[in-house]
Amino acid sequence: MNTLPIIDIAPLFASEETGWHEVARQIDTACRDWGFFYIRNHPISAERIAQLKDAAERFFGLPVEQKLQIDITKSTHHRGYGAVATEQLDPAKPSDLKETFDMGFHMPHDHPDVLAGKPLRGPNRHPDIEGWPTLFEQHYQDMHSLACTLLRALADALGVESAFFDERFIEPISVFRMIHYPPRQTATSPEQQGAGAHTDYGCITLLYQDEAGGLQVQNVRGEWIDAPPIEGTFVVNIGDMMARWSNDRYKSTPHRVISPLGVDRYSMPFFAEPNPDTLISCLPGCQDEANRPKYPDTTCSAYMLSRFAETYAYRREAPAAAS
């Protein structure tokens with residue numbers, strides 16, 4: 001239990017479905033045993049990753065005053081720049097040693113959901129860097145497509161119709177995030193971690209991490225093991241909403257980031273989260289008389305806002321209905 005599985009997902013993109021069920025079986029096993037796995041032979045190119053990392057280095061290298069022009073704490077729908085120590089993922093540790101940029105499903109100001117003040121709905125807030133909006137909006141769409149492909153395999157594994165997740169991810173609140181972790185020696189205390197131990201909030205997370213390393217995953221024995229970068233792969237993990245949907249058949253596994261010494265670390269997670277009004281309720285095939293639903297029903301937006309309130313000080317100070 002000290003090595004995460006690596007799954008070749010090329011059959012999910014083939015014209016014939018010969019290998020589809022085998023990939024779904026491997027994903028099912030990985031989700032039951034770990035809640036974490038790597039995927040390889042996905043369609044996101046190395047060139048795209050290099051473009052994104054270059055953009056991240058340029059943005060995070062700007063003076064703080066420039067980055068704060070899109071300060072996430074001034075956003076009504078959780079988009080923009082998060083300064084170092086804005087988040088505290090582990091309440092037992094100091095605030096996290098990282099800075100972030102968050103974007104989501106773009107909705108213009110005159111969209112009915114935005115006009116209605118629905119939670120987590122609105123336009124993206126991009127920095128004033130040439131080519132940034134085009135690159136990032138395209139990457140968001142490509143990551144959304146990849147996430148939906150993986151979710152179809154999960155639907156197969158969970159015994160629900162293949163379009164189950166497609167129908168719930170039409171206008172999702174999925175988030176693409178860029179993260180910069182400064183070197184560990186810049187921490188304000190020995191206890192400050194890059195990202196404190198936590199589980200992700202949504203359905204699945206697809207993570208690119210650079211060569212600096214630092215990601216650790218908790219195995220079933222409660223031991224922290226390294227999840228090192230592997231070229232050409234994404235790390236995929238189950239989030240809390242999928243754990244609730246599957247009645248803990250799939251694990252939402254604790255993980256953390258220990259900032260490396262002497263180098264900056266960059267990562268790019270895509271948090272796949274459904275349409276905000278989606279009901280998160282135990283799936284029929286994940287319950288029986290001996291295994292009753294463990295969680296009350298909730299909606300995607302209600303659950304996300306409750307978790308944001310635990311993680312971000314500025315969300316705790318906002319009204320419960322704020323977006």
* Round to a whole angstrom and tell me the spacing of the C-alpha centers of segment 201-225 and segment 89-163. => 19
* **Links that overshoot a 28 Å alpha carbon limit, given the list Lys118/Lys251; Lys93/Lys251; Lys98/Lys294; Lys74/Lys98** => Lys118/Lys251; Lys98/Lys294
* Under a 10 Å cutoff between Cα atoms, tell me which one of Tyr303, Tyr295, Tyr208 has the largest fluctuation in the Gaussian network model of the chain. => Tyr295
* Stokes-Einstein translational diffusion, segment 6-315 - Kirkwood Rh over all Cα pairs, 1.567 mPa s, 4 °C, in µm²/s -> 65
* Structure fact -> Going from the fewest other Cβ atoms within 10 Å to the most, one would list Asp71, Asp200 as Asp71, Asp200
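Quick one: if the Förster radius is 25 Å, what FRET efficiency do Arg221 and Tyr295 give, using the C-beta to C-beta distance and rounding to 0.05? Walk me through the intermediate numbers first.
Numbers: r = 25 Å, r/R0 = 0.99.
So, using R0 = 25 Å, E works out to roughly 0.50.
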* In nanometres, what is the gap between the two model label sites at Thr186 and Ile6, each 7 Å from Cα along Cα-to-Cβ? -> 3.1
* Structure fact -> Taking alpha-carbon centroids only, segment 270-313 lies from segment 1-29 a number of Å equal to 25
* Asked: Around Tyr201, what is the net charge, scoring Lys/Arg as +1 and Asp/Glu as -1 over all other residues with Cβ under 10 Å from its Cβ?
  -> -3
* Out of Gly194, Gly232, Gly122, any idea which swings most in a Gaussian network model of the chain, alpha carbons joined below 10 Å? -> Gly232
* Residues listed by number, segment 121-149, amide nitrogen under 18 Å from Ser162 label point at 7 Å toward C-beta -> 145-149
* Asked: What list do you get for His139, His109 if you sort them by fewest beta carbons within 10 Å?
  -> His109, His139
* Structure fact -> Here the gain from full extension of Glu57 to Ile129, 0.36 nm per residue of separation minus their alpha-carbon distance, amounts to 24.7 nm
* Structure fact -> Listing Ile49, Ile280, Ile230, Ile204 by rising number of other beta-carbon atoms within 10 angstrom, fewest first, gives Ile230, Ile49, Ile280, Ile204
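Quick note: the coordinates plus some simple rules give every number you see, no bench work behind them. Keep in mind the model is a prediction, meaning the values are calculated, not measured. Cβ: placed from backbone, ideal geometry, glycine included. Neighbour counts: every protein chain shown.
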